[in-house]
Amino acid sequence: MRTDDFDYDLPQELIAQEPATVRDACRLLVMDRRTGALEDRIFHDIGEYLRPGDLLVANETRVMPARLLGSKRETGGAAEVFLLREVFGREPKTNSSALWEALVRPGRRLKPGALVDFANAAGEVVLSAEVIDWVEEKGDGGKGERLVRLTTPLPSLDEALHAVGHTPLPPYIKDYAGDEELYQTVYSTRERSAAAPTAGLHFTPELIARLKEAGVRWETVELEVGLDTFRLVDEDDPEQHKIHTEYYTVPQRTVDAVAEAKAQGGRVIAVGTTSVRSLESAWDAEAGSITARDREATSLYILPGYRYNVVDGLITNFHVPRSTLMMLVSAFSTRENILAAYRHAVDERYRFFSFGDAMFII
């Protein structure tokens, strides 16, 4: 198995730069995971492939205003801090101060001790970031990952972040000026992620209600999505790639719903790869079932050869070539089936990646 095995040719014009006008009016490619057979549909038709007793499990995380554009205190030069994940336990957290792992730019100039200020629309500095240390090994070649301490004079960091922060979009989406709320799912709750669980972007409240009325159950997990979702695998051997740790929660009600669905012959269908990783990370081999988890760490890396224990179906978007997500979906079917489906999607001019069309592998 080589990383090149998960590559494919994608015309740049097929990378969606804006969402569908109506969330559930995007296209849907349905694939039989065993035979590779394909059907071209519209997303709002997905109920035709679901049965009473099936369970949909979605990631209810919400994207933070994690992109902070400011200036270096010493020089006034432009600087960017992109929040990745909050760090707990290293020092006391207060309403006005917290530690975060972050990407910083310019990476080579923002060394420990550097201070970056962020101003609101009125020009008032309402948030500051002090670079504390490199995240991993000191002197990371300027790659930009740092530990930063955020402080604010406002009553809370949450208020400050919403005053100066921006919803981050993937790097392949250029100059999007539309409603940032369209990069959030309609059922999102707590702001915990640096990127959206984009398979869920296609659902509307009306579609969810219609599926529930038809006997399809809906439950949620939470996985705090990091930037690994956009990173390519640089190693020739994908098994040498290290996936970053993310935190996930599987509540007891979802554990119970999975058990009930399985017992009654229903299928557990993950809405997105982050829901897959949450459910599969919660699998307890000794118990033969999943168990509730409360913000536990996972670095589960799913490659072909992995045996799925929980998930029976997957709703997902089309993924970046050579990514860990291409490997995950290939493990759910076969590499040959997935690449054939992607060639079909390219030929039929489907829209790719976060704002693009959807795929249902069942």
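The values are calculated or read from the model by the stated rules, or taken from the named source; none is laboratory data. Owing to the predicted nature of the structure, the values given are computational and were not obtained by experimental measurement. With ideal geometry, Cβ positions are generated from the backbone for all residues, glycine too; neighbour counts draw on all protein chains shown. Note: areas computed on protein heavy atoms with side chains; ligands, DNA, RNA excluded. Shrake-Rupley method; radii C 1.70, N 1.55, O 1.52, S 1.80 Å.
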* Structure fact -> Most fluctuating of Glu348, Glu39, Glu286 in the GNM of the chain (C-alpha, under 10 Å) is Glu286
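Where does the chain land at 222 nm, in deg cm²/dmol rounded to the nearest 500, when only DSSP H runs of n ≥ 4 count, each adding -39500 (n - 2.57), divided by all residues?
-5000 deg cm²/dmol
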* To do: Determine, for each peptide in 57-64, 287-294, the mean count of other beta carbons within 10 angstrom over its residues, then list the peptides with the highest first.
  => 57-64, 287-294
* Taking only C-alpha pairs under 8 Å that are 6+ residues apart, what is the relative contact order of the chain in percent? -> 25
* With every protein chain left in place, what is the accessible area per residue of the chain in square angstrom, probe 1.4 Å? -> 45
* Helix 252-263 versus the longest principal axis of the chain: what angle, 0 to 90°, nearest 10, using Cα atoms? -> 20
* To do: Enter the angle in degrees (range 0 to 90, nearest 10) between the Cα long axis of helix 335-347 and the first principal axis of the Cα atoms of the chain, meaning the one along which they spread out most.
  => 80
* How much of the accessible area of the chain, probe 1.4 Å, is carbon plus sulfur, in whole percent? -> 46
* Asked: For the chain, modelled as a Gaussian network with Cα springs under 10 Å, which listed residue fluctuates most, Ser71, Ser193, Ser281?
  -> Ser71
* Structure fact -> Sorted largest first, the Cα spans of the chain on the principal axes come out in Å as 61, 43, 41
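Using a 10 Å cut-off on Cβ atoms, rank the peptides 85-97, 108-120 from the highest mean neighbour count down.
Sorting 85-97, 108-120 by mean packing, highest first, produces 108-120, 85-97.
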